[in-house]
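> Before anything else, here's the structure in question.
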């Protein structure tokens with residue numbers, strides 16, 4: 001793992017242990033889905049590092065908003081929705097070795113139907129890495145305990161992914177994630193070891 005990636009992860013952990021652990025879990029699920037696509041190890045490593053950094057922009061969001069147990073105001077929601085741009089800016093200023101992560105970090109909240117943010121990209125205009133991370137990010141968020149909601153069980157979360165296939169998510173990737181979910185879960189510890 002690149003020393004700059006490690007340094008940014010340390011900063012993320014110091015800023016928000018929740019976001020740090022969330023990013024690690026997203027990386028593990030992303031590695032699992034990437035293996036199912038038979039991507040080469042270099043590409044899987046790229047997706048892992050991108051997933052680890054996907055929420056780095058949340059460093060710029062106050063804890064009072066990130067951990068708010070109540071419904072967010074319109075202004076607070078706008079601030080949350082700015083985190084991909086903030087992440088893009090952090091990575092852009094961090095050095096040339098990280099520039100390859102810019103687009104997937106910026107686009108991880110784009111939706112397959114074009115209604116996502118920040119640019120409203122659609123379908124395969126969204127990089128594969130961002131489409132993978134989007135699914136894994138949402139799945140992990142649904143199944144994790146958060147200050148403002150109880151976690152869903154895996155079965156419920158998989159149904160939610162299926163329901164949003166073709167609108168929020170790439171339908172082929174969702175189908176693969178659901179079909180081989182037990183295999184992904186079985187290998188989570190292996191991926192945890194590979195993350196370090």
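> Can you name the number of the only condition in (1) exposed (fewer than 13 other Cβ atoms within 10 Å of the Cβ); (2) outside any helix (DSSP H, G or I) that residue 75 fails?
Checking residue 75 against (1) exposed (fewer than 13 other Cβ atoms within 10 Å of the Cβ); (2) outside any helix (DSSP H, G or I), the one that fails is (2).
> While we're on this one: I'm trying to understand the selection: among the residues of the range 1-37, which are modelled with pLDDT of 95 or more and in a loop (DSSP other than H, G, I, E, B)?
Once the filter is applied, which keeps residues that are modelled with pLDDT of 95 or more and in a loop (DSSP other than H, G, I, E, B), the range 1-37 yields only 37.
Residues checked against (1) modelled with pLDDT of 95 or more; (2) in contact with a strand residue (DSSP E or B) (Cβ under 7 Å, 6 or more places away or on another chain); (3) surrounded by fewer than 14 Cβ atoms within 10 Å (Cβ to Cβ):
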{"site": "124", "(1), (2), (3)": "yes, no, yes"}
{"site": "142", "(1), (2), (3)": "yes, no, no"}
{"site": "157", "(1), (2), (3)": "yes, no, no"}
{"site": "183", "(1), (2), (3)": "no, no, yes"}
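> Another question, then. Condition first: in contact with a helix residue (DSSP H, G or I) (Cβ under 7 Å, 6 or more places away or on another chain), without any contact (Cβ under 8 Å) to a residue 12 or more places away in the chain and part of a helix (DSSP H, G or I). Can you find one or more residues in the range 189-196 that meet it?
no
> A follow-up question, please. Determine which single condition residue 151 fails, assuming it passes every other condition in (1) under 18 Å from residue 19 (Cα atoms); (2) not in a loop (DSSP other than H, G, I, E, B).
(2)
> Looking at 105, 47, 80, which one is within 12 Å of the chain's Cα centre (by Cα) and closer than 23 Å to residue 146 by Cβ?
On inspection, the qualifying residue turns out to be 105.
> Okay, next question. Mind telling me which of the residues 166, 116 ends up being at positive phi and out of contact with any strand residue (DSSP E or B) (no Cβ under 9 Å at 6 or more places or on another chain)?
Only one candidate qualifies: 166.
> From (1) in contact (Cβ under 8 Å) with a residue 24 or more places away in the chain; (2) surrounded by 16 or more Cβ atoms within 10 Å (Cβ to Cβ), pick out the condition that doesn't hold for residue 39.
(1)
The values are calculated or read from the model by the stated rules, or taken from the named source; none is laboratory data. Treat the numbers as computed from the prediction; the structure is a model and nothing was measured. Backbone-built Cβ (ideal geometry, glycine too); neighbour counts: all protein chains shown.
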